[in-house]
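Structure record follows, encoded as structure tokens.
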Amino acid sequence: MQVLDRRKAMSITPLFRLAFRPFFLGGCLLALLAIPLWLLALAGDAGWQPAGGWLAWHRHELLFGFALAIIGGFLLTAVQTWTGRPGISGMPLAVLAGVWLAARLAWLFNLPWPLLAVLELSFPLAVAGLMGWTLWKVRQQRNYPIVLVLLLLALADGLSLYGLLRADEGWQRQAVLTGLWLVAAMMGLIGGRVIPFFTQRGLGRTEAVKPWPWLDYLLLAGSALVALLYASGVALMPSLWVGLLFALLGLGHLLRLVRWHDPGLWRVPLLWSLHLAYAWLAVACLGMALWHVGVPLSPSLAVHALTVGAMGGLILAMIARVSLGHTGRPLTPPKGMTLAFALLNLACLSRVLLVLIWPYAALWLAGLCWTLGLGLYLWRYAPMLWRARVDGHPG
């Protein structure tokens, strides 16, 4: 980096030097507050109604608010490494973060629909546009599918807004389920690359497990097909063929886990947290398969295995590692993070299994574990996110 470029980069407020900083911080703050608010609403103690009501808000914000913020922050940071071109920073990044925050407030306080729609769609479209433009400039075709998934997520978000405008709970539910399985596709795509790599690096192995491209493509295509089936409404009703698709996806993810497994990973919290989160993705697929073939289980259990265990767990494990690396710190998580990873998994166990035995208590236990887990991350990592790198480098 030239002297003038370095001086300019170092003059930026640390919080806006790279995209992971504001979006990891903002996304986790949203996730920290969202579950207690939802539990208060369930108990009848919330004093107002967000856009679409509390159920619609709960479903929408944990996906299109929390998860999409983390995805955006991760990708807009990673694309700089992938392409060698500068990522978004400074005032443009501050504006993008402001748009994301304004959309969250618009949903929470039920602002007029036209304003809400503009704010809400601006963020995913901007992330997709920035990613697409940066990748296209270096013709990095390998990562074009990521842009496609981002655009489809924006489309799913638009479907949710349409459902909100029409006061149609069914459209809103379809939109969120579509978006969830698009995020599952993203988790399979990104997780399939980084989990074996992180495992190899974390254990000091000479090389990572070699990918099977045919399996990678099938899992991506299968998850995208599931999202399409939800968007069309086909997957909303039990179907043997959809159940078979889910079963194949679950077995494919399990096969990946078996290939990636190394006994040494259970000694490293930054690794076992990744592998357990990915295991919840397989559980979610197999749970949906069971429901589709007639097993009398609520599909909500599989959905929460996906959202709490896979999505929440993978996000926490990834941002715990990425935040260390991009702030110039050794890849050793601070005290409390092992407990945070365990709490996220306990939250999922409570919401998916214990809820069958003690429904009310399990919901509150899951909410408590989720909130404490995210709270531990923010307690330990928030200062890293708003302060400069410890090694004196830009970023």
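Residue exposure proxy: Val183, Val138, ordered by other Cβ atoms within 10 angstrom of their Cβ from fewest to most, comes out as Val138, Val183.
Sorting Thr338, Thr178, Thr206 by the number of Cβ atoms found within 10 Å of their own Cβ, with the fewest placed first, yields Thr206, Thr338, Thr178. Once C-alpha pairs closer than 8 Å and six or more residues apart are averaged by separation and normalised to the residue number of the chain, the relative contact order reads 17 percent. Put a plus charge on the Cβ of each Lys and Arg, a minus charge on the Cβ of each Asp and Glu, and nothing anywhere else: the dipole of the chain about its Cα centre is then about 1360 debye. Cα centroid separation, region 61-102 to region 190-210: 25 Å. Helix content alone sets the calculated 222 nm mean residue ellipticity of the chain: runs of n ≥ 4 DSSP H residues at -39500 (n - 2.57) each, divided across all residues, give -24500 deg cm²/dmol.
If the Kirkwood radius is taken over C-alpha pairs of region 203-283, then at 4 °C and 1.567 mPa s the Stokes-Einstein diffusion coefficient equals 90 µm²/s. In straight-distance terms, cross-link reach from Lys8 covers every one of the lysines whose alpha-carbon lies under 28 Å from its own, apart from those fewer than eight places away in the same chain; here that gives Lys137.
Based on the alpha-carbon gyration tensor of region 1-167 and its eigenvalue square roots a ≥ b ≥ c, which shape applies: rounded if a/c is under 1.5, prolate if not and a/b is larger than b/c, or oblate? Prolate, because a/c is 1.5 or more and a/b exceeds b/c. Based on every Cα atom in the chain, Rg and the maximum pairwise Cα distance Dmax equal 20.1, 65 Å. Given Val194, Trp214, Tyr230, which one lies farthest toward the positive end of the charge dipole of region 179-267, if we put +1 on the Cβ of every Lys and Arg and -1 on the Cβ of every Asp and Glu? Value computed over the given set: Val194. Only Cα pairs under 8 Å and 6+ residues apart enter the sum, and on that basis the relative contact order of region 1-167 stands at 25 percent.
Counting charges near His261 (Lys, Arg +1; Asp, Glu -1) among other residues having Cβ under 14 Å from its Cβ returns a value of +3. Where in region 165-182 does the label zone of Leu111 land, with the point 7 angstrom along Cα→C-beta and an amide N cut-off under 13 Å? In region 165-182, the label zone of Leu111 (backbone N under 13 Å from the point 7 Å along Cα→Cβ) covers no residue.
By the count of other C-beta atoms within 10 Å, a proxy for reagent exposure, Ile190, Ile35 are ordered fewest to most as Ile190, Ile35. Centre-to-centre separation between the Cα atoms of region 273-346 and those of region 145-175: 23 Å.
Coordinate-derived values only; no laboratory data. Remember, predicted model here, so these are calculated numbers, not experimental data. Note that we place each Cβ from the backbone using ideal geometry, even for glycine, and neighbour counts take in every protein chain shown.
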